[in-house]
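Encoded as structure tokens, the structure appears first; notes follow it.
The values are calculated or read from the model by the stated rules, or taken from the named source; none is laboratory data. The model shown is predicted, which means the values in this text are computed figures rather than measured ones. Note: ideal-geometry Cβ built from the backbone for every residue, glycine included; neighbour counts use all protein chains shown.
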Amino acid sequence: MPQYHQFDALVVGAGGAGLMAALYASKGVNTAVISKLYPTRSHTGTAQGGISAALGNLEEDKWEWHAYDTIKGGDFLCDQDAVDIMCREAIDAVIDLEHMGLPFDRTPDGKISQRRFGGHTNNETKKPVMRACHAADRTGHMILQTLYQNCIKNNVKFFDEFQVIDVLIEDGKCNGVVAVQLATGEIHVFHSKATLIATGGFGKMWKVTSNAHSLTGDLPAAVLRRGLPLEDMEFFQFHPTGVYKLGILLSEAARGEGAVFINDKGERFMERYMPTLKDLAPRDICSRCIYTEIREGRGIGGKDYVYLDFRPEQINKYFEADGNPKRIDAHYLETRLPDIIEFARVYQGIDPIKEPVPIQPTAHYAMGGIPTDNDARVLADETGRIVEGLYAAGEVACVSVHGANRLGTNSLVDLVVFGKRGGIAMAEYCKQASFRPIHRDAAAKAGAAQLDRIRNNNGNERPHAIRKEMQAVMDEKVGVYRTGAGLEEAIDKIHELQARYKRIRIDDKGFKWNTDLMEAWELGALLDLAEVTAFAALARTESRGGHYREDYPNRDDVNFLKHSMVWKNGTITLKYKPVRITRIPPQERKY
Amino acid sequence: MKINLKIKRFNPETDKKPHWETYAVEVEPTDRVLDALHDVKWNQDGTLALRRSCAHGVCGSDAMRINGRNMLACKVLIQNIAKDGDTITVEPILGLPVVKDLIVDMEPFFAHYRAVMPYLVNNDPLPANGRERLQSPADRERYDDTTKCILCAACTTSCPSFWARGEYVGPAAIVQAHRFIFDSRDQAAQQRLEILSAQDGVWRCRTAFNCTEACPRGIQVTKAIGEVKEALRTGVIR
């Protein structure tokens with residue numbers, strides 16, 4: 001028998017955005033958090049380098065500079081009113097986290113310590129500015145732990161290891177979700193006035209990715225299947241410094257502390273491309289420069305990787321060359337970057353203090369996602385119509401504060417600022433709204449049917465083979481460099497895989513902890529998202545931020561200064577909406 | 001290289017008790033044990049159940065008993081524990097009820113975590129200037145080690161005292177308490193020490209050091225427990 005629950009406000013996903021929303025919603029109304037993981041397993045915990053806010057603790061800074069950097073970093077596709085909100089409220093959000101107990105590193109006078117990060121500048125001198133507030137290189141871990149601790153303190157209700165497989169939408173309003181309890185396989189219907197989706201990214205459609213196995217886009221796919229659009233899906237960030245072959249992230253904080261990229265000739269090649277910011281240019285640019293080096297034969301040993309060099313004597317050499325009086329030693333790096341130094345030692349057998357580290361770009365972050373307004377309310381179409389009762393925040397959402405390319409540290413800023421705004425907005429909404437009736441049995445039946453179809457399917461295709469082929473084609477054709485012909489091939493391949501997906505067979509026919517079943521269900525979600533990603537990428541015949549078309553290498557503001565909205569109702573429909581430009585007119589992006 | 005994975009299996013829907021199954025797997029020496037488990041799951045037997053997420057030692061999902069020692073499956077490379085042709089044994093962590101294959105019921109573990117007030121308590125008014133509370137780098141450094149904990153349970157489920165008595169709060173909960181007891185901003189140290197001085201608190205620790213050895217984050221767990229004991233003994237937190 002399906003089980004039934006009723007809460008004013010539901011939060012799906014227990015990373016930074018979800019927990020922040022839950023903390024604030026639960027101050028006002030009856031709130032529950034549903035997550036397919038234990039909350040502390042969420043991917044926010046892997047964020048390393050820092051969370052930016054113009055605190056000005058170590059040198060002059062202004063939130064307006066942070067906003068300008070964000071907009072320029074986003075290649076002018078950001079909605080500027082939303083960016084202003086984020087960068088202004090980032091200051092209080094970081095202070096709020098400190099008050100909750102977050103153990104930030106400290107300056108000698110006891111304030112929150114800050115460091116440099118890619119694309120964050122003093123707008124007057126154009127030089128890097130110390131804006132990223134950090135707790136060693138486990139800032140995300142400390143944010144996640146601190147928010148979870150505060151949820152425990154405030155008795156927030158959790159449904160851990162419940163996986164949401166459907167969103168209840170009727171007459172353009174959201175009434176809750178359907179989930180499966182992983183331990184039992186039972187279907188649970190959660191009835192709510194307001195539901196906030198905060199399930200993070202969906203990078204598992206690529207092979208080389210920094211994303212966790214769990215980042216499979218379950219909720220964006222569910223929303224898409226319920227006839228709602230996704231925004232800017234063609235914009236996905238490839239982070240320049242993934243561990244070669246594995247994709248594990250080595251934080252930009254390494255370059256913030258002075259590390260540089262080196263090619264096969266031993267050359268610090270970023271100087272050639274971006275003479276002012278050099279190795280601290282934004283991520284999309286660094287990733288393209290790395291691939292250009294590789295294509296022109298200057299990858300290490302002619303192969304498809306370059307080095308990230310953070311040997312102390314090298315860092316000091318480049319500090320000196322740049323006229324920076326700072327000098328560091330091995331102990332400093334071990335304190336500032338302990339985790340990523342350990343990643344290199346464990347996974348590559350390389351000691352970064354003594355040897356340069358092989359790296360390659362890795363699929364990292366979705367700039368696109370579920371469209372929302374500035375209060376995390378989900379949008380139904382390109383005109384800005386609201387889906388009553390439905391909210392989204394964090395990586396899964398597209399506000400859009402990141403535009404075509406996210407700046408480092410801004411994912412954490414986004415999730416605390418808009419998680420909080422979403423939580424407050426939900427609580428206010430719930431106080432004046434009443435529960436709309438739902439067909440709970442029909443909802444449960446439809447959820448169970450989704451799973452039974454997979455459980456009982458007697459085909460001849462292995463889900464893993466399909467997943468591997470999807471990831472291969474996404475790496476090859478929908479990666480850092482794209483072409484029209486390549487994207488068409490990718491779409492054909494995804495359609496072939498979707499057809500084969502209908503003929504899958506799984507081994508586990510049971511109910512309790514059937515991870516075989518849930519992985520197969522997740523593959524269906526990833527295939528749908530891969531399809532709309534490739535479609536949106538094919539239609540955007542320009543290059544902007546993380547979306548680079550070799551056949552259209554220039555930005556085209558006349559035709560493409562606009563957000564895409566994609567629907568999948570049988571066939572795929574694309575529409576566009578204008579970018580909200582308030583203060584900063586688009587300009588050429590030089591660093 | 002070729003290895004055998006000998007995995008302790010239990011399906012609650014069909015089995016009365018656990019049994020061992022052995023799978024031959026072709027791996028790269030630099031593969032993680034998690035990669036080998038995925039190879040089994042994805043290419044040989046999809047019914048194998050395990051938890052995993054980040055796959056690089058940060059989320060804490062995949063603590064398991066590998067060759068008799070607690071490790072994260074994603075943080076140990078095959079080449080570090082096996083040679084060509086060797087057998088690697090994998091079983092669930094001990095001391096928590098097995099739910100299916102390598103998955104245990106984590107609820108008793110998290111109940112202990114919640115019991116030690118794992119959150120900052122400070123009832124003073126916030127700074128009037130609207131800014132952060134100040135903390136010196138030395139005060140921040142004091143509890144740095146225990147902020148690394150990812151709640152994977154590798155320490156608690158390697159502890160003989162916990163195996164003997166599941167009511168013992170266990171090393172992970174003490175690590176969490178330590179993180180706040182020694183935070184200069186916190187005001188609830190005495191309450192936490194009171195909780196930890198109870199029958200199933202810190203005195204159940206027999207200094208076996210298994211926890212320190214098991215911690216995938218390199219936390220000096222036994223040392224942290226010792227500092228809590230010292231604070232209880234002397235009434236001084238330093």
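Have a look at A:49, A:119, A:110, A:56 and point out the one that is at positive phi and either crowded, with 24+ Cβ neighbours inside 10 Å or assigned to a helix (DSSP H, G or I) (or both).
A:119
Got a number for residues in the range A:10-48 being within 14 Å of chain B (Cβ to nearest Cβ) and under 17 Å from residue A:211 (Cβ atoms)?
15
Which count do you get for residues in the range A:364-392 that are in a strand (DSSP E or B) and either more than 14 Å from chain B (Cβ to nearest Cβ) or out of contact with any helix residue (DSSP H, G or I) (no Cβ under 9 Å at 6 or more places or on another chain) (or both)?
If we filter the range A:364-392 for residues that are in a strand (DSSP E or B), which is where we start, we get A:364-366, A:369-372, A:377-379, A:386-392.
Next, only the ones that are either more than 14 Å from chain B (Cβ to nearest Cβ) or out of contact with any helix residue (DSSP H, G or I) (no Cβ under 9 Å at 6 or more places or on another chain) (or both) stay: A:365-366, A:369-372, A:377-379, A:386-392.
The number of residues fulfilling the criteria is 16.
If you go through the range B:15-34 one residue at a time, how many are touching a residue at least 24 places away in the same chain (Cβ under 8 Å), of a type outside the set (A, V, I, L, M) and buried (at least 18 other Cβ atoms within 10 Å of the Cβ)?
Total meeting the criteria: 2.
Can you tell me which residue is nearest to residue A:519 (Cα to Cα) among those in the range A:160-178 that are surrounded by 21 or more Cβ atoms within 10 Å (Cβ to Cβ) and more than 23 Å from the chain's Cα centre (by Cα)?
Looking at the filtered set, the residue picked out is A:178.
Looking at the range A:366-400 only, could you name the residues that are surrounded by fewer than 24 Cβ atoms within 10 Å (Cβ to Cβ) and touching a Ser or Thr at 6+ places or on another chain (Cβ under 7 Å)?
A:379
Failed condition for residue B:108, given (1) assigned to a helix (DSSP H, G or I); (2) within 11 Å of another protein chain (Cβ to nearest Cβ); (3) over 29 Å from residue A:251 (Cβ atoms); (4) not polar (S, T, N, Q), with all others met?
(2)
Filter the range A:450-478 down to residues that are more than 12 Å from chain B (Cβ to nearest Cβ) and not in a helix (DSSP H, G or I) and give me whichever is nearest to residue A:364 (Cα to Cα).
A:478
Somewhere in the range A:52-73, is a residue closer than 24 Å to residue A:399 by Cβ, over 20 Å from the mean Cα position of the chain (by Cα) and within 11 Å of chain B (Cβ to nearest Cβ)?
yes
What residue, among those in the range B:122-175 that are assigned to a helix (DSSP H, G or I), touching a residue at least 60 places away in the same chain (Cβ under 8 Å) and not β-branched (Val, Ile, Thr), is farthest from residue A:93 (Cα to Cα)?
Here the residue is B:163.
Search the range B:26-38 for residues being acidic (Asp, Glu) and within 11 Å of chain A (Cβ to nearest Cβ), and hand back the single one that is nearest to residue A:516 (Cα to Cα).
Checked the range B:26-38; the qualifying residue nearest to residue A:516 (Cα to Cα) is B:35.
Here is a list: B:24, B:49. Which entry is hydrophobic (A, V, I, L, M, F, W, C) and either more than 30 Å from residue A:460 (Cβ to Cβ) or assigned to a loop (DSSP other than H, G, I, E, B) (or both)?
B:49
Just to verify a result, which residue in the range A:207-235, among those that are in a strand (DSSP E or B) and either β-branched (Val, Ile, Thr) or touching a helix residue (DSSP H, G or I) at 6+ places or on another chain (Cβ under 7 Å) (or both), is nearest to the other protein chains (Cβ to nearest Cβ)?
Checking each candidate, the answer is A:209.
Tell me yes or no: at least one residue of the range B:80-87 is at the interface with chain A (Cβ under 8 Å from one of its Cβ atoms) and either surrounded by 18 or more Cβ atoms within 10 Å (Cβ to Cβ) or modelled with pLDDT of 95 or more (or both).
For the range B:80-87, residues at the interface with chain A (Cβ under 8 Å from one of its Cβ atoms) and either surrounded by 18 or more Cβ atoms within 10 Å (Cβ to Cβ) or modelled with pLDDT of 95 or more (or both): absent.
Just for the range A:284-302: of the residues that are basic (Lys, Arg) and modelled with pLDDT of 95 or more, which one is nearest to residue A:337 (Cα to Cα)?
Among those residues, the one meeting the criterion is A:288.
Filter the range A:1-33 down to the residues that are of a type in the set (Val, Ile, Thr) and under 19 Å from the mean Cα position of the chain (by Cα) and list them by number.
A:11, A:12
Take the conditions more than 29 Å from residue A:461 (Cβ to Cβ) and either among the basic types (Lys, Arg) or at the interface with chain A (Cβ under 8 Å from one of its Cβ atoms) (or both) and apply them to residue B:19. Does it pass?
no
Go over the candidates B:96, B:5 one by one and state the one that is more than 10 Å from chain A (Cβ to nearest Cβ), part of a loop (DSSP other than H, G, I, E, B) and within 28 Å of residue A:521 (Cβ to Cβ). So that I can check it myself, show each step before the final result.
Details: B:5 fails: part of a loop (DSSP other than H, G, I, E, B).
It is B:96.
Do you know which of the residues in the range A:93-134 that are among the small types (Gly, Ala, Ser) and within 14 Å of another protein chain (Cβ to nearest Cβ) is farthest from residue A:421 (Cα to Cα)?
A:110
What number of residues within the range B:150-169 are within 10 Å of the chain's Cα centre (by Cα), under 17 Å from residue B:111 (Cα atoms) and away from chain A (no Cβ under 12 Å)?
Quick first cut of the range B:150-169, residues within 10 Å of the chain's Cα centre (by Cα) only: B:150-158.
Now drop any that are not under 17 Å from residue B:111 (Cα atoms), which leaves B:150-157.
Next, only the ones that are away from chain A (no Cβ under 12 Å) stay: B:154-157.
Residues flagged as within 10 Å of the chain's Cα centre (by Cα), under 17 Å from residue B:111 (Cα atoms) and away from chain A (no Cβ under 12 Å) within the range B:150-169 amount to 4.
Hey, residue B:134 hits all of (1) in contact with a Gly (Cβ under 7 Å, 6 or more places away or on another chain); (2) within 30 Å of residue A:37 (Cα to Cα) but one; which does it fall short on?
Going through (1) in contact with a Gly (Cβ under 7 Å, 6 or more places away or on another chain); (2) within 30 Å of residue A:37 (Cα to Cα) one by one, residue B:134 breaks only (2).
Within the group B:75, B:41, which residue is closer than 18 Å to residue B:215 by Cα and either without any contact (Cβ under 8 Å) to a residue 60 or more places away in the chain or at the interface with chain A (Cβ under 8 Å from one of its Cβ atoms) (or both)?
Going through B:75, B:41 in turn, just one is closer than 18 Å to residue B:215 by Cα and either without any contact (Cβ under 8 Å) to a residue 60 or more places away in the chain or at the interface with chain A (Cβ under 8 Å from one of its Cβ atoms) (or both): B:75.
Listed here are the residues, each with its yes/no results for (1) under 24 Å from residue A:416 (Cα atoms); (2) in the same structural domain as residue A:521 (by the TED database); (3) not polar (S, T, N, Q).
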{"site": "A:211", "(1), (2), (3)": "yes, no, no"}
{"site": "A:220", "(1), (2), (3)": "yes, no, yes"}
{"site": "A:225", "(1), (2), (3)": "no, no, yes"}
{"site": "A:243", "(1), (2), (3)": "no, no, yes"}
{"site": "A:246", "(1), (2), (3)": "no, no, yes"}
{"site": "A:256", "(1), (2), (3)": "yes, no, yes"}
{"site": "A:259", "(1), (2), (3)": "no, no, yes"}
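Could you pull out the residue among B:87, B:147 that is among the hydroxyl-bearing types (Ser, Thr, Tyr) and within 14 Å of the chain's Cα centre (by Cα)? Give the derivation first.
Details: B:87 fails: within 14 Å of the chain's Cα centre (by Cα).
Every option except B:147 fails the conditions.
Among residues belonging to the range B:176-194 that are without any contact (Cβ under 8 Å) to a residue 60 or more places away in the chain and surrounded by fewer than 23 Cβ atoms within 10 Å (Cβ to Cβ), point out the one that is nearest to residue A:106 (Cα to Cα).
This residue is B:184.
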